[in-house]
Amino acid sequence: MAVSPKTVIFDFGNVLLRWDPNFLYEKLIANENERQHFLTQICSPEWNMEQDRGRPWNDAVSELVAEHPDKEDLIRAFHDHWHETVPGAIDGSVRILETLKAQKTPLYAITNFSVEKLEECKSRFPFLANSFRDIVVSGEVELLKPDPKIYQILIERNTLDTSDCIFIDDSPANVETANSLGMTGLHFTTPERLAADLTALGFSV
């Protein structure tokens, strides 16, 4: 009989924390088309991803301002007011995390996150700092999910058995990589769905 997984690995953004640059830029750029152009062509996902890969925020802002001097204030806002892109925790997910922690479930995390911003978030959201046995942060290791190498770092430095691991992420591509490595990948959509998925795997959440 197959043994149910016992170790749970969380993603952070849009699993435990709400994150979307629109939360900030809706206040700064009223016109939706202009806002989406700015967030796709100037402060684009690709540009932001390099901070998650380890590029310092000051360098990222300076380089982009040099390319778009007419957008300097809006570009600097992404860094200076970054916390407005993270308005709060996803409460239902945090309740699940706290329940698992209370049950002594081994908890880990792999997150695509700027080191600078994550340290600030740990102050805002203490559960990020005190819930996990280990956190692999993309900005520290200079690797991004869904690269299998970032998963292997967590596995190897904690001597984890992938067949014992559940991996939770809002990105299907990241979940696919987890599955390819022998984990049980769960695509996060809502806390309610996550609770149902975990219950089906034998957890009491």
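What follows draws every value from the coordinates through simple rules; no lab data is involved. As the structure is a computational prediction, the values presented were derived from the model and not from experiment. Don't worry about glycine lacking a Cβ; one is built from the backbone with ideal geometry, like all the others, and counts go over all protein chains shown.
Tabulated results
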item	result
Too-long pairs where the Cα-Cα distance tops 25 Å, listed order kept, from LYS71/LYS117; LYS27/LYS145; LYS6/LYS117; LYS71/LYS145	LYS27/LYS145; LYS6/LYS117; LYS71/LYS145
Mean separation of Cα contacts under 8 Å (6+ apart) over length of the range 22-85, as relative contact order %	41 percent
Stretchable slack from ASP20 to THR199, in nm (0.36 nm times residue separation minus alpha-carbon distance)	61.6 nm
Relative contact order of the chain, pairs being alpha-carbon contacts under 8 Å that are 6 or more residues apart, as %	29 percent
Residues TYR151, TYR25, sorted so that the one with the fewest Cβ neighbours within 10 Å comes first	TYR25, TYR151
For the chain, share of DSSP beta bridges that run antiparallel, in % to the nearest 5	10 percent
Descending semi-axes in whole angstrom, ellipsoid equivalent of the chain, from the Cα gyration tensor	33, 18, 15
Label-point separation in nm, GLU140 to GLU192, each point 7 Å along Cα→Cβ	3.6 nm
Helix-only [θ]222 nm of the chain, DSSP H runs n ≥ 4, -39500 (n - 2.57) each, per residue, nearest 500	-13000 deg cm²/dmol
Counted charge near ILE166, where neighbours are those whose Cβ lies closer than 10 Å (Asp, Glu -1; Lys, Arg +1)	-1
Nearest-0.05 FRET efficiency for VAL65 and ASP91, computed from C-beta distance (R0 30 Å)	0.25
Least to most buried among LEU100, LEU201 (fewest other Cβ within 10 Å first)	LEU201, LEU100
Extension gain from GLU176 to ASP161, taking 0.36 nm per residue of separation minus the Cα-Cα distance	3.7 nm
